[in-house]
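Laboratory data are not the source of any read-out in this text; all were calculated from the coordinates shown. Computed from a prediction, not measured in an experiment: that's the story for all the values here. Ideal geometry is used to build each Cβ from the backbone, glycine not excepted, and the neighbour counts take in all protein chains shown.
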Ligand SMILES: C[S@@+](CC[C@H](N)C(=O)[O-])C[C@H]1O[C@@H](n2cnc3c(N)ncnc32)[C@H](O)[C@@H]1O
């Protein structure tokens, strides 16, 4: 096994067996055939998946999906492809999709590392957003962090020219690590106009559940937006 293959087996998440509410399991049952994306070895055609041609935003780790649903409602001109391994989160997003009648959302319940590698075509994304990724703050767990050079390179390959990567975190040391990893990718340019390298929270990003939790705990919030040349 090469180092690269070994690295791919280290997951950025622990599958938690959360219980689904009746509403969530009904929403999954009803909407999965039209809104769900199963893991496969074939590349997705977003125009077919969304039944129209529009810029596509990939959100990795959307949690309970409320902020993703808000964005999808506020930006009907964009397609939103959400990937989240936590099944109750997927159910919660689909409840919102159903209640709000959102037509521009599709969802995968698999590991984003695999989904990206196997299903997302090169140059197909307008934006990738990763809000409050698990910080894995213990040093021995740093290898589980999603934002690593290899994964960023895979993301950049899937971005269209001019496309952006937007990451937000409430962990200062992870923010510094993410800044370093994004800045080291020569195909990316930092959009920040501040010397510290972070951006002011873009107006399009709603508050998220984990953000609120971080703020309650006295954490700061750091947003990073890099653009593909
Ligand atoms: C700390 S939570 C943040 C959730 C949400 N973005 C928020 O701000 O409230 C991180 C989420 O990322 C998901 N996640 C972690 N690694 C993932 C991966 N490789 N693929 C898909 N989802 C992942 C976890 O299941 C978890 O729900």
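You can think of it this way: the chain between residue 149 and residue 54 has 31.3 nm of extra reach, that is 0.36 nm per residue less the Cα-Cα gap.
Determine, from the Cβ-Cβ distance of residue 19 and residue 117 and an R0 of 30 Å, the FRET efficiency 1/(1 + (r/R0)^6), rounded to the nearest 0.05.
Values: r = 30 Å, r/R0 = 1.02.
Plugging the Cβ-Cβ distance into 1/(1 + (r/R0)^6) gives 0.50.
Using Cα pairs under 8 angstrom and six or more residues apart, how large is the relative contact order of segment 43-96, in percent?
On the way: 66 pairs, mean separation 21.3, N = 54.
In percent, rounded to a whole number, it is 40.
With the helix formula -39500 (n - 2.57) applied to DSSP H stretches of n ≥ 4, the chain reaches a computed 222 nm mean residue ellipticity of -11000 deg cm²/dmol. The stretch between residue 180 and residue 201 holds 5.7 nm of extra length on full extension. This uses 0.36 nm per residue minus the Cα-Cα distance. Computed from Cα atoms, the angle from the helix 87-100 axis to the main principal axis of the chain rounds to 60 degrees.
With a 10 Å Cβ neighbour count serving as the proxy for reagent exposure, in which order, fewest first, do 42, 124, 92, 192 appear?
Ranking 42, 124, 92, 192 by Cβ neighbours within 10 Å, fewest first, gives 42, 192, 124, 92.
Over all distinct Cα-Cα pairs of the chain, the Kirkwood formula returns a hydrodynamic radius of 18.0 Å. Rounded to the nearest 10 degrees, the inclination of helix 149-158 to the longest alpha-carbon principal axis of the chain is 50 degrees.
Would you mind checking the tilt of helix 172-184 against the longest principal axis of the Cα atoms of the chain, expressed as 0 to 90 degrees and rounded to 10? For helix 172-184, the angle is close to 80 degrees. Dividing the mean sequence gap of close Cα pairs (under 8 Å, 6+ apart) by how many residues the chain holds gives a relative contact order of 20 percent. Placing pseudo-labels 7 Å out from each Cα toward the beta carbon at residue 45 and residue 227 gives an inter-label distance of 3.2 nm.
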